[in-house]
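The values are calculated or read from the model by the stated rules, or taken from the named source; none is laboratory data. All of these numbers come straight from a predicted model, not from anything done at the bench. Backbone-built Cβ (ideal geometry, glycine too); neighbour counts: all protein chains shown. SASA here: full protein model, heavy atoms, side chains in, ligands and nucleic acids out. Shrake-Rupley method; radii C 1.70, N 1.55, O 1.52, S 1.80 Å.
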Amino acid sequence: MEIIAIANQKGGVGKTTTAVNLAAALHYIAHKKVLLIDLDAQGNATTGVGVDKNALTYTAADVLIDDVSLAKAITPSSSGIDVVGANRDLAGIDMALAEVEDAPFLLKNAIKKATTKGKMDYDFVVIDCAPSLSILTVNAFCATKGVIIPMQCEYYALEGVVDLIDTIKKLSELNPDLYVRGVVRTLFDGRNTLAQDVSDELEKHFGNLMYQTIIPRNVRLAEAPSFGQSIFGYEKSSKGARAYHQLMNEVLNRIDEPSQSQAQISTAFAW
Ligand SMILES: Nc1ncnc2c1ncn2[C@@H]1O[C@H](COP(=O)(O)OP(=O)(O)O)[C@@H](O)[C@H]1O
Ligand SMILES: [Mg+2]
């Protein structure tokens, strides 16, 4: 089972769009069994696959705070992807977990328990993180080996990433296997020269760690969630669908040949 966390502590950079559509590509195109875990109290990933976040019996919060089994919190969605949903119950979890000793490992332990009991049989788990480096994101980083970082090509793009990389480095004490699968450019507008310049900078900086796929700004990608559908359910011939299909191919290729991207990390992050 491959566990992928989608993280960047900036909001609005395309994390949720990437989580939902990468999960959907793995399901629709590669025919993989996929579980999407929503770790953001906004619940956008949950809504994005057509699940009513306010009608959930159990959410990710129940799994983390109340020790509800992960299997119980899984909701099937009409898109064919299963989801552990989130809603406002997840807000304030930092307080709730302040005194909990193994707080960083709650998700990891929940996944492990469900797997050993044979209640979880997925090829891929995709975790959509909140725009913060809170205990929720730490849980994602401890449960996964590999993080995908979506970045928007704007002037301040690199600023937050320094903190993110710092956190990932620090967390290798808790999770020695943690690595960055890749950085993906999102919401890209090729007519914008600044976006092009920033994109070139990112390429120089991250080298092979950068996915070659660039996710364009595409109105279909923005519309799909309001229909509770991934881009593959909503408009599979759109530019956005093609881009996420291509990204999925790259993600799969790197799983087959991880050494190349892993070797890049130490150099790319020495700044
Ligand atoms: N490639 C894209 N083209 C057009 N709109 C996009 C694209 N990616 C994301 N969006 C829209 O931008 C907003 C922020 O994206 P989202 O994925 O929710 O970011 P995050 O999860 O990082 O906060 C949403 O309204 C989303 O629909
Ligand atoms: Mg989001």
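Put a plus charge on the Cβ of each Lys and Arg, a minus charge on the Cβ of each Asp and Glu, and nothing anywhere else: the dipole of the chain about its Cα centre is then about 680 debye. For the range 94-139, what class follows from the C-alpha gyration tensor (a ≥ b ≥ c being the square roots of its eigenvalues): rounded when a/c is under 1.5, otherwise prolate if a/b is larger than b/c, else oblate? Cα axes put the range 94-139 in the oblate bin. Expressed as a fraction of 2.2 N^0.38 Å, the value expected for a compact globular protein of N residues, the C-alpha radius of gyration of the range 120-175 is 1.24. Dipole magnitude for the range 31-184: about 620 debye, using +1 per Lys or Arg Cβ and -1 per Asp or Glu Cβ, origin at the Cα centre. In the range 2-262, the DSSP beta bridges split such that about 10 percent are antiparallel, to the nearest 5. Dividing the alpha-carbon radius of gyration of the chain by the rule-of-thumb value 2.2 N^0.38 Å gives 0.94. The order of D67, D82 by accessible area, most exposed first and with a 1.4 Å probe, is D67, D82. A straight Cα-to-Cα reach below 18 Å connects K32 with the lysines K119, K236, residues fewer than 8 places away in its own chain not being considered.
Under the simplified labelling scheme, the V100-D197 pair shows an inter-label distance of 4.6 nm, with each label point 7 Å from Cα along Cα→Cβ.
For the pair S132 and H31, label points projected 7 Å from Cα toward Cβ lie 4.2 nm apart. Between A91 and K119, full extension at 0.36 nm per residue minus the direct alpha carbon distance yields a gain of 7.4 nm. For the range 2-262, the carbon plus sulfur part of the accessible surface works out to 48%, probe radius 1.4 Å.
Answer with one residue from H31, Q9, S69: the one whose Cα lies farthest towards the positive end of the charge dipole of the range 1-90, charges on Cβ with Lys, Arg +1 and Asp, Glu -1. Towards the positive end, the residue furthest out is H31. Per-residue ellipticity at 222 nm for the chain, helices alone: DSSP H runs ≥ 4 residues times -39500 (n - 2.57), over residue total, nearest 500 deg cm²/dmol? Helices in the chain give a 222 nm mean residue ellipticity of -13000 deg cm²/dmol. Taken per residue, the accessible surface of the chain reaches 46 Å², heavy atoms only and a 1.4 Å probe. If you take all other residues with their beta carbon under 11 Å from the beta carbon of A96, and give Lys and Arg +1 and Asp and Glu -1, the sum is -4.
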